[in-house]
Amino acid sequence: MATYVVGDVQGCFAELQDLLAIVGFSPRSDQLWLTGDLVNRGPQSLETLRFVRSLGSSAFSVLGNHDIHLLAVYYAEQPQNHNDTFDALLAAPDFPELLDWLRRRPLLHRSGNNVLVHAGVPHIWSVTQAQGFAREVECALRGTNFRNLLRIVYGDCPRLWHGPGVPTGGPTGLPRLRAIINYLTRMRIINEAGRCDFDFKGPAHSRPEGFKPWFDYWPSSETRILFGHWAALCARTNRDDIEALDGGCAWGQRLIALRLEDGQRFSVPSRLRRAGADA
Ligand SMILES: [Mn+2]
């Protein structure tokens, strides 16, 4: 029995199969955790969703920003971006069931000392608080009014969780849920006050002044945070307790797996041509 945590697949289904073959993954005895962004940019989002759903309780995938974008396109008639690769998905006969499954995925999965999340956990929250805030969004996405959230899900505001003009306990209503989604699925760099720069996608050393990678604010601890989303990190944080797993497979780089039990990493090359990074 082993647990493999795989970084952002983004429709790179063939590479996911390559990676599971080299680790000898068995759905009967092993678990597969995924850092989210199962879909978009790569060529086989449909096959990826079908496969991960078919694993049932052997797989845990958290929602990433591209997954949420797909939910908003389908359920709330939001426009696609010119480089989205959703056409085969949207035409598939089983698409409604796949999307219903996708919207019931968690934003944060915690098991023992391990925390799985797409982008990260901001230092302005404890891990336990983050778990509760993720739960608020999960309840909204599973509830009858989930389309209301998907209609307003885009945008960077509210930019602060604590501060002047923000109610004690954080923003309220739908803007609160958008802020939680932004921290957990879009964050890369953040300032001391808890404001993110969502436009920055580069390597950590080229960040603007006043901002740091979200994980630099966390003291080392026994809790291990596993995340994806930031391909330009090249899957490195220089820490043992915070594991970056987005290998940029959809950009022609690699798909990465971490075996939780012994910390060993595995990877396979992308089958796509190398392209510019834009996770
Ligand atoms: Mn992402």
Query raised in the report: If you check E15, E77, E97, which single one turns out to be more than 16 Å from the ligand (Cβ to nearest atom), buried (at least 24 other Cβ atoms within 10 Å of the Cβ) and either farther than 16 Å from L226 by Cβ or under 19 Å from the mean Cα position of the chain (by Cα) (or both)?
Result: E15
**Report entry** Residue list for segment 114-134, restricted to those being over 17 Å from G194 (Cα atoms), away from the ligand (no atom under 16 Å from the Cβ) and either acidic (D, E) or in contact with a Leu (Cβ under 8 Å, 6 or more places away or on another chain) (or both)
**Finding:** N114, V115, Q131
Requested in this report: Taking the options V153, V137, V115, name whichever one is assigned to a helix (DSSP H, G or I) and crowded, with 20+ Cβ neighbours inside 10 Å.
Outcome: V137
Query raised in the report: Which residue pairs have Cβ atoms under 7 Å apart, sit 6 or more places apart or on different chains, and have a first residue in segment 209-232 that is more than 15 Å from C196 (Cβ to Cβ) and hydroxyl-bearing (S, T, Y) and a second that is within 16 Å of the ligand (Cβ to nearest atom) and assigned to a loop (DSSP other than H, G, I, E, B)?
Result: none
Report summary line: Of the residues in segment 32-84, those that are of a type in the set (D, E, K, R) and in contact with a Phe, Trp or Tyr (Cβ under 6 Å, 6 or more places away or on another chain) number 2
Query raised in the report: Do any residues in segment 106-134 that are over 21 Å from S58 (Cα atoms) and in contact (Cβ under 8 Å) with a residue 24 or more places away in the chain have Cβ atoms under 6 Å from those of residues that are of a type in the set (K, R) and crowded, with 17+ Cβ neighbours inside 10 Å, where the two are at least six apart or on different chains, and which pairs are they?
Result: A119/R186
**Report entry** So F146, is it of a type outside the set (V, I, T) and either under 26 Å from R259 (Cα atoms) or within 16 Å of the ligand (Cβ to nearest atom) (or both)
**Finding:** no
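Considering segment 24-41 alone, what residues qualify as being within 13 Å of the ligand (Cβ to nearest atom), assigned to a loop (DSSP other than H, G, I, E, B) and either in contact with a Ser or Thr (Cβ under 7 Å, 6 or more places away or on another chain) or farther than 15 Å from S61 by Cβ (or both)?
G36, L38, V39, N40, R41
FYI, it's all coordinate maths here, none of it is from the lab. This structure is a prediction, so every number in the text was calculated from the model and none was measured. Heads up, the Cβs are rebuilt from the backbone with ideal geometry, glycines too, and the neighbour counts pull from every protein chain shown.
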